[in-house]
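Visitor: I have a structure here, written as structure tokens, and I will follow up with some questions on it.
Values quoted throughout were computed directly from the atomic coordinates according to the rules given, and no laboratory measurement underlies them. Keep in mind that what you see is a predicted model, and the values were worked out from it rather than measured. Cβ atoms come from the backbone with ideal geometry, glycine included; neighbour counts cover every protein chain shown.
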Amino acid sequence: MPKFMRREMKTAAEARSRAMARLLSASVFLSVAVAVGTMAYYQIGQGRWTLFDCLYMTVITLSTVGFGETLDGMESVPEARMVTMILIVVGSGTLLYFLSNFTALIVEGDLQGILRQRRMQRHIEALDNHVIVCGAGNTGEHVIAELIDAEIPFVVIEQDEERMQMLSDDLGAELLYIVGDATDDHSLEDAGIDRARGVISCLHTDKDNLFVTVSARALTLERQKATPLRIVTKAVDSSAGRKMQRAGASAIVSPNQIGGLRLVSEMIRPRAIEFLDRLLRADRRLRIEDVTIPHGSNLDGRTLADAAIRQTGALVIAVRQADGTYVYNPGGSLQLQAGASLIVIAHTEDVKRLSDGLAKGTLLVEKPGEGTKSES
């Protein structure tokens, strides 16, 4: 997996902040130089020159334009030439400092950062049926990598923009993200929670994950989508699982529990674990997926043998019936039902073909004479 601490990376936000700070200080210095120069000419002239004339003389001196002594009778006031020399030496450097920092503000990414943020926000606003990932820490990076491999659209909410820049670079993908606190309702709304299919909360503490669960469920109680928002959250402490479930979490994942089960499995069933690892690692696009048979499907009431699922490239290893029971290694005589889910081993593109076939009703194997019967 990527090693995110192997190099330092300056983000556009930090560069803009530093450039803006330098530009502000340069603006103050330049303003002071102009004001001091103008008042110095005015005081030395003792009312001989107007403030505007003094300001004009100061500006052309600082800019080194060299129009000459534009103040009438200046040659008879030696102190005025002394002020001019001081302005040329000190003030010109101040103007150069201001111009260099103004250029740096553009070069160091401010303009590019603004354009990138606007482009990213437009993409987020165009998303629908996407996943919101809360947190890009040690757990979140694996979640993001898996969503990329599965080609599932998603948005990340993360407080550390530098972390997101590192993830984008290491994963080789342009990630969509919101810089903010995932426990804040505004961050969830900016990520398009009203249009999302689900939320994955993988923050560091159970308290934060619980807060995200409550907020996400509350924000989508009156959503117009046919299916409710699915919320999957991480539980560091196993005792927090019940609280998260009562708060509205659809599923709770305990990394500690999963780690323990994996350790035992590596000890007592190493070949099975090796098979699963090779299955997932040999081809990053090969996954165990579930696809639901929609209501009104022409496969409703037909057997598994009547469905041309193998033609899509997917292999059915189990069926979750509509009542929640599972049939493992189903035979061809198994009767399919609308609302049941097919658990398959398939590539990403195979899953898409299977989903499209179920939606369009093109997966029914026509037997000889069946078309004639249906017409009569």
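Visitor: Once a ≥ b ≥ c are taken as the square roots of the eigenvalues of the Cα gyration tensor of segment 286-366, is the result rounded (a/c under 1.5), prolate (a/b larger than b/c) or oblate (a/b not larger than b/c)?
Guide: rounded
Visitor: Note down the magnitude of the dipole of segment 127-253 about its Cα centre, charges +1 on Lys and Arg C-beta and -1 on Asp and Glu C-beta and zero elsewhere, to the nearest 20 debye.
Guide: Rounded to the nearest 20 debye, it is 960 debye.
Visitor: A further question on this structure: Any idea what the relative contact order of segment 286-366 is, in percent, if you count C-alpha pairs under 8 Å spaced at least 6 apart?
Guide: 45
Visitor: Assigning unit charges at the beta carbon (Lys, Arg +1; Asp, Glu -1) and nothing else, what dipole magnitude in debye, to the nearest 20, does segment 300-365 show about its Cα centre?
Guide: Computed about the Cα centre, the dipole is about 60 debye.
Visitor: Is the C-alpha gyration tensor of segment 243-306 telling us rounded, prolate or oblate? Criteria: a/c under 1.5 is rounded; beyond that, a/b larger than b/c is prolate, otherwise oblate.
Guide: Cα axes put segment 243-306 in the oblate bin.
Visitor: List every residue whose amide H lies under 5 Å from the amide H of Thr303, counting only residues 5 or more places away in sequence or on a different chain, with H placed 1.01 Å from N in the peptide plane.
Guide: Sorted by chain and number, the residues that satisfy this are Leu336.
Visitor: If you don't mind, another one. Could you tell me which trypsin sites (Lys or Arg not before Pro) in segment 268-347 are loop residues by DSSP with no more than 15 other beta carbons within 10 angstrom of their beta carbon?
Guide: Arg284, Arg285
Visitor: Let me ask another. By how many nm would the segment from Ala272 to Val253 grow when fully extended, if each residue of separation counts as 0.36 nm and the alpha-carbon distance is taken off?
Guide: Working it through step by step, the gained length comes to 4.6 nm.
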